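Asks: Following this message is one structure expressed as structure tokens.
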Amino acid sequence: MHAKDHQIIELLQQQDKKAIDALYDQYSPALYGIVLKIVRSEMVAQDVLQEAFVKIWSKGSSYDPSKGTLFTWMLNITRNTAIDKQRMEETRNKNSEKNTPEGFMDPQIDHIGLNAEVGKLEEKYRKVIDLIYFEGYTQEEVTEALNIPLGTVKSRVRIALRELRKVFSVQYITMCWLLLLIK
Amino acid sequence: MDKETFLESGLLEQYALGIADPAEEQVVEQMFNLYPELRQDVVDMRSAIEQYALQHAIPPPPAVKTKIQQEIERKTAAPQQIATTGSVSWLNVVVIGALVVLCTLTALRMRSLQVENKNLQGQLITCESREKIVAFLKDPQTQPMLLQGTAYAPQAAALVYWNEEMQTAMINPFKLSPLNRNQQYQIWADVDGKMVNAGLISTQLEKYQSLKYLPNAKSLNITIEPIGGSQAPTVSRLVANHAI
């Protein structure tokens, strides 16, 4: 995956349209999955994905490989686009129908559906990561939303990421073994 | 800043998640120089998130790809058309000029509406001052320093940004807990052995606030005072400090 990235980065930095085709084929499912966790409707999600790809294309020359992988960079752009859109939608809904502050105290969507598929990330850790990564809350806002001290929020983020790492490193090792066996 | 305090602060996770602001990023990158092994932690955390995204991938409908290609086509075609028009009549130039002005005005209007919107949402920092803050934080002369919690408040911490050249200082009270309604945090600088008032931290604890720059300050200290501040610091309620 990363060897291929190298070529794509070059194309992207030269503003070559082929870059977007290649990035789209390789990453759009992962990015769309993330967008769908943030915005509630598929129509909006498609708009967000489109907007994100146009941003990726126009910001391509500013991507700095020494600061992180291309995938992480794209994930961040896409996530931020989705969060902005979601906030806009929320403000609009609030203005039009004065609905209840749903989703603030208790996000309904099972954002990181880790419980089922990957190990057991406890609810309390998951919730903190959900609010921060998918809803764009600052750690201070999480403090208010969940009514827990800032120190606790920080340690939960830390533990959640550590647990995620563990889960995925086990999977990674398994995958490598499988690949070796196939060879 | 030692490694323990830094890890405690949660900045590394914020950086890995891509939600740290420019000043916080700067602090993290300074820590990378001191503790290179932290880079690997970030790589690991990020690859966990990447793995997570890959596992939850959902293919978008094929129409989206076409739309993106069209949009990019449109964006790249637009400037070329103007360039290739060969003999441009004065009328065209005037029309294009007028359009540019109109677009700029619309963009400016949109921008001011956005700012208004932000203000309405209770954000106190306007776009303009935000840019100034970012410029200040990014200035190479701006030194971040961590005010660490005391025995009285071990969990407390705040980041002060100190710029000798610009004679300016700001504080980010990122780890000060909210106080009750009749109390407020106050900052004190030790100047020639005397504690001099360097300003109050707003009760909302907003992220970037100015504080008085005192050229000969030897240390900075934060105490809890009655709302509105005191003439002299209540040393028994010293929550965080740092020697310059």
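The values are calculated or read from the model by the stated rules, or taken from the named source; none is laboratory data. Source: prediction; values computed, not measured. Here the Cβ positions follow ideal geometry from the backbone for every residue, glycine too, while neighbour counts run over all protein chains shown.
Asks: If residue B:5 meets every condition in (1) part of a helix (DSSP H, G or I); (2) surrounded by 13 or more Cβ atoms within 10 Å (Cβ to Cβ) apart from one, which number is that one?
Replies: The failed condition is (2).
Asks: So, in the range B:222-242, exactly how many residues are touching a residue at least 60 places away in the same chain (Cβ under 8 Å) and assigned to a strand (DSSP E or B)? Give the derivation first.
Replies: Just the residues of the range B:222-242 that are touching a residue at least 60 places away in the same chain (Cβ under 8 Å), to begin with: B:222, B:236-242.
Okay, now just the ones that are also assigned to a strand (DSSP E or B), so B:222, B:238-242.
Residues meeting the conditions: 6.
Asks: Kindly state which strands (runs of 3 or more DSSP E) lie completely within the range B:111-196 and contain at least 2 residues that are within 18 Å of residue B:26 (Cβ to Cβ), at pLDDT 80 or above and not hydrophobic (A, V, I, L, M, F, W, C).
Replies: B:143-149, B:157-163, B:168-175
Residue-by-condition table, conditions (1) without any contact (Cβ under 8 Å) to a residue 24 or more places away in the chain; (2) surrounded by fewer than 13 Cβ atoms within 10 Å (Cβ to Cβ):
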| residue | (1), (2) |
| --- | --- |
| A:29 | yes, no |
| A:36 | yes, no |
| A:57 | no, no |
| A:64 | yes, yes |
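Asks: Also, quick follow-up: Residue check, residue A:124 against (1) away from chain B (no Cβ under 14 Å); (2) under 16 Å from residue A:37 (Cα atoms); (3) at pLDDT 50 or above, all met but one. Which one?
Replies: (2)
Asks: Ok, one more. So, restricting to helices (runs of 4 or more DSSP H) that lie completely within the range A:1-100, which ones have at least 3 residues that are facing another protein chain (nearest Cβ under 9 Å) and either within 22 Å of residue A:132 (Cβ to Cβ) or modelled with pLDDT of 85 or more (or both)?
Replies: A:17-38, A:42-59, A:70-97
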